[in-house]
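What follows is one structure encoded as structure tokens, with my remarks underneath.
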Amino acid sequence: MLGGNLTGGTTVSASQSPAQTGTQQSIRLDPWLDRYADRTAGLSASEVRALFAVASRPEVVSLAGGMPFVSALPQEMLQDAARIATTTRRGEALQYGSGQGIPYFREQICEIMSLEGIHAHPDDVVVTTGSQQAVDLVSQIFLNPGDVVLAEGPSYVGSLGIFRSYQAETVHVPMDDDGLIPQALRETIARLEAAGRPIKFLYTIPDFHNPAGVTMTMERRREVLDICHRHHILVLEDNPYGLLWFDRVPPEAIRSLDSEGVIYLGSFSKIFAPGFRIGYVLAPHAIREKIVLANESAVLSPTTFGQIMISEYLDHNDWRGQIDTFRGLYRDRRDAMINALDEQLPTLPKTHPNGGFYVWLGLPEGFDSKEMLPLAVHELVAYTPGTAFYADGTGQDHIRLSFCYPTPEEIGVGIQRLAKVIHREQDL
Ligand code: PMP
């Protein structure tokens, strides 16, 4: 801490010495402090982000981030797609494009969504800069300060940050191994309605939830949709992991049950590579119009280069086979993590993901996931504290473990180190 009252525009000495500058120079820490918009109060570095610096040290086994294992993509295939984008389709790939995305690419996206039971028209699809931007655009067009967003508790840290940046309040709805609990949703809505709070949408990750790793049953999908219909609440279905199932196909998307009350988000980050930053939104017609306008105003057009590369990749390669390869790879890593946890920490409650990237682990009574992190990093293992995934400061009693990036052997070592920390603290 540099000291002083930050809101008052503290002054500190510049780092250069008087000998260097010839004079003791004083600068204000942030002279624009009183000029920021109120909404910036909600901008804070996520706990996941703060962890990246530590966890990326090579000696640390990181079970923290959600980085897909992109090295599994064959290099020649990427080179072929890049060659086309820089030669025959270069005029298009290097130029501005449509704010909605390339029409043929949107047709290909519809084919991918059909694997999740969704029958969509390419006109209703908007290409975005990752599904992260899609959450932002939907928030931008729906959220006023003070509005309520309902979300599973826990929920994806990146979306919680977006809702906060629009000065909305996220109210969590409890979940269990079968996903969001409909009765808890009813009760939460009743309580908020009685208090006169405007609920704009339910944000849900029904498949292989981040961070909980669980999947909502079909019965619950129907029930949740029915409850939202009754209360005129939109459903924002975020499904970046749906195709990465391991043992059995998950139920069809909530969007497959209803085209009017659901906005569906998908992404190429997990089935291809996040570096392209390409995701997509499928929305009811009127909402889609607003999303296109908001997208144009934010980025003019989503990356044409990236769209063409992925489009070429989809046209000339066995992308379904590649998804199978990813499934096998992540399944092995999931098995390694579950087996190591069964062996090393058998009494702790955990989820058994049938896909995706994450296991949600309960800590022994009295443990604090945030306080334990420096101890874990000292033992050269990193995880994400459960507190990152709640907007209301809870989550101390859980941690998220990612199995997507480390090898099965590294996962084994990481869990062994984690167990050492937990056992040592238990013995104190
Ligand atoms: N939603 C969820 C649930 C996620 O886990 C992520 C990435 N970790 C995203 C959205 C954002 O993904 P992207 O912007 O890379 O498509």
Would you kindly work out the equivalent ellipsoid of region 271-363 from its C-alpha gyration tensor and give its semi-axes, the square roots of five times the eigenvalues, largest first in whole Å? 37, 20, 11
HN-Hα J couplings of region 75-81 from phi, Karplus 6.51/-1.76/1.60, θ = phi - 60°, integer Hz, Gly and Pro as x? 5, 4, 4, 5, 5, 4, 5
What is the projected area of the convex hull of the Cα atoms of region 244-291, averaged over all directions, in nm²? 4.2
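Between their Cα atoms, which of Lys200/Lys270; Lys200/Lys290; Lys270/Lys290 are more than 22 Å away from each other? Write out the running numbers ahead of the final one.
Numbers: Lys200/Lys270 28 Å; Lys200/Lys290 16 Å; Lys270/Lys290 27 Å.
Listed pairs above 22 Å: Lys200/Lys270; Lys270/Lys290.
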Using DSSP, restrict attention to beta bridges with both residues in region 279-428 and report what percent are antiparallel, rounded to the nearest 5. 100
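Per residue of the chain, what 222 nm ellipticity follows from adding -39500 (n - 2.57) for every DSSP H run with n ≥ 4, rounded to the nearest 500? Show your work: numbers first, answer last.
Details: 14 runs with 173 residues, N = 428.
Result for the chain, helices only: -12500 deg cm²/dmol.
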Under the Karplus relation 6.51 cos²θ - 1.76 cosθ + 1.60, θ = phi - 60°, what is the ordered set of whole-Hz ³J(HN,Hα) values for region 174-179, x standing for Gly and Pro? x, 10, 9, 5, 9, x
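What's the local net charge at Asp397, with K and R +1, D and E -1, over the other residues with C-beta under 10 Å away?
Taking every other residue near Asp397 into account, the sum is -2.
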Packing-based ranking, highest mean first, of 207-219, 182-194 given that Cβ atoms within 10 Å are counted: 207-219, 182-194
Of all beta bridges DSSP finds with both residues in the chain, what is the antiparallel percent, to the nearest 5? 55
Suppose every K and R has +1 on its Cβ and every D and E has -1 on its Cβ; what is the size of the dipole of region 53-140 about the Cα centre, in Debye to the nearest 20? 320
Within 10 Å of each candidate Cβ there may be at most 16 other Cβ atoms; applying that plus a DSSP loop requirement, which trypsin sites (Lys or Arg not before Pro) in region 213-298 survive? Arg248
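Once you order the gyration tensor axes a ≥ b ≥ c over the Cα atoms, which shape class does the chain get: rounded for a/c under 1.5, otherwise prolate or oblate by comparing a/b with b/c? Kindly include the intermediate steps, with their values, before the conclusion.
Numbers: a/c = 1.22, a/b = 1.11, b/c = 1.10.
Verdict is rounded for the chain.
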Residues in region 379-397 reached by a label modelled at Leu428 [backbone nitrogen below 19 Å; 7 Å Cα→Cβ]: 379-387, 396-397
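Each reported figure results from applying straightforward, stated rules to the coordinates on display, with no laboratory input. Values in this document were obtained by computation on a predicted structure and should not be read as measured data. Every residue, glycine as well, gets a Cβ built from its backbone with ideal geometry; the counts of neighbours run over all protein chains shown.
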